[in-house]
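This report concerns only the one structure given below.
The values are calculated or read from the model by the stated rules, or taken from the named source; none is laboratory data. These numbers come from a predicted model, not from an experiment. All Cβ positions, glycine included, derive from the backbone under ideal geometry; neighbour counts span all protein chains shown. To get the accessible areas, we keep the full protein, side chains included, count just its heavy atoms, and leave off ligands, DNA and RNA. Shrake-Rupley method; radii C 1.70, N 1.55, O 1.52, S 1.80 Å.
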Amino acid sequence: MPRQASYGPVAAFYDTYVQADFDVEFFCSRVSCCTGSVLELMAGTGRLSRTLFECNPDLTCVDVSQEMLRVLSGKFVGHRRAPALVCADVRTLPLRGGYELAIIPFNSFAELTSVEEQRQSLMELNRVVVGGGRVICTLHNPEVRRGSLDGQERLLGRYPLGQGRELELLVTGSLDPDAGLARSRQVFRVYDSEGELVDEHLQELRFVLILEESFAELAAHTGFEVVELLGDYNGAPYARETSPFMIWTLEKVRGITGG
Ligand SMILES: C[S@@+](CC[C@H](N)C(=O)[O-])C[C@H]1O[C@@H](n2cnc3c(N)ncnc32)[C@H](O)[C@@H]1O
């Protein structure tokens, strides 16, 4: 199996530089409507999980990175109840099934960079979701996302880390247009209160820009029907030229057996 990019070295910083909340209300409304078990895949440090758990306590969070899950579990220290945490790869889920809703937030599915990995993951989802159950899979809109994959280094931000220390994050995105494969080179620098560089870490992420037709075909082949395609978390329908995202809602129509 191809190795996944490791978030381990940046797990301690993740919540500092990822403060996005544009999708929280959307996922809360979907999870609140669900009366059965919910599966959050590629959950990371639980940017969404704490709020999702308030909406539906029958929540299982999966991530391949133990370090990211450790940060997630820290958010429930002192709480009487917490979501079930499973350290696993989405391509081989050690779960029995029975989930009514599975979600893959923050375009994370795009980190499965081959069609085979994507197919395996959707097959696993088909196995663990109940008949008529739903999967919400979020993706970049290739038309819009490719605009920032221009090889230019950008300062994503400077973030206070406490005790006068500061985190600086520089990102360079580039695209191999033929393969649709994007690379994001992220440089993390930590400065002390005197402005001296005390730590530096380089993270290379790979992700793919998946075309609308390709994902629709993959969903159909893995036993799902598309019930909704939104272009943004405010509920706007998908528009190929302008939408920031593709937010797919799939419904399981048949069980898939074998590979
Ligand atoms: C961009 S982060 C998103 C984290 C979180 N969902 C959020 O919204 O902030 C992607 C996450 O996917 C996880 N991941 C990547 N490949 C994976 C795989 N094959 N199976 C399970 N988790 C994976 C990473 O460890 C990381 O935590």
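Does residue 77 satisfy the criteria of being modelled with pLDDT under 95 and out of contact with any Leu (no Cβ under 8 Å at 6 or more places or on another chain)?
So residue 77 does not fit the description; no.
Counting just the residues of region 182-235 that are among the polar types (S, T, N, Q) and surrounded by fewer than 14 Cβ atoms within 10 Å (Cβ to Cβ), which one comes out farthest from the chain's Cα centre (by Cα)? Before the answer, list the steps.
Kept after step one, since they are among the polar types (S, T, N, Q), are these residues of region 182-235: 184, 186, 193, 203, 214, 222, 234.
Subsequent filtering for residues that are surrounded by fewer than 14 Cβ atoms within 10 Å (Cβ to Cβ) retains 193, 234.
Numbers: 193: 33, 234: 18 Å.
For region 182-235, the residue satisfying everything is 193.
Scan region 72-120 for residues that are free of Cβ contacts under 8 Å to residues at least 12 places away in the same chain and either open to solvent by less than 60 Å² (accessible area, probe 1.4 Å) or under 17 Å from the mean Cα position of the chain (by Cα) (or both) and jot them down.
First, the residues of region 72-120 that are free of Cβ contacts under 8 Å to residues at least 12 places away in the same chain: 74, 77-80, 94, 116.
Within region 72-120, 74 is the sole residue that qualifies.
Name the helices (runs of 4 or more DSSP H) wholly within region 1-113 that hold at least 2 residues that are near the ligand (Cβ under 9 Å from one of its atoms) and closer than 29 Å to residue 169 by Cβ? Break it down into steps so the answer makes sense when it comes.
On the way: elements: 11-17, 24-32, 49-55, 66-74.
Per the criteria, 11-17, 66-74.
Are any residues in region 130-165 surrounded by 12 or more Cβ atoms within 10 Å (Cβ to Cβ) and among the small types (Gly, Ala, Ser), and if so, which ones? First the steps, then the outcome.
Residues of region 130-165 surrounded by 12 or more Cβ atoms within 10 Å (Cβ to Cβ): 130, 133-146, 148-149, 154, 156-159, 161, 165.
Selection gives 133, 148, 157.
Taking the residues in region 122-161 that are part of a helix (DSSP H, G or I) and without any contact (Cβ under 8 Å) to a residue 40 or more places away in the chain as candidates, determine which candidate is farthest from the ligand (Cβ to nearest atom).
147
So which residues in region 140-156 are out of contact with any Phe, Trp or Tyr (no Cβ under 9 Å at 6 or more places or on another chain) and over 15 Å from residue 247 (Cα atoms)?
146, 147, 148, 149, 150, 151, 152, 153, 154, 155, listed by residue number.
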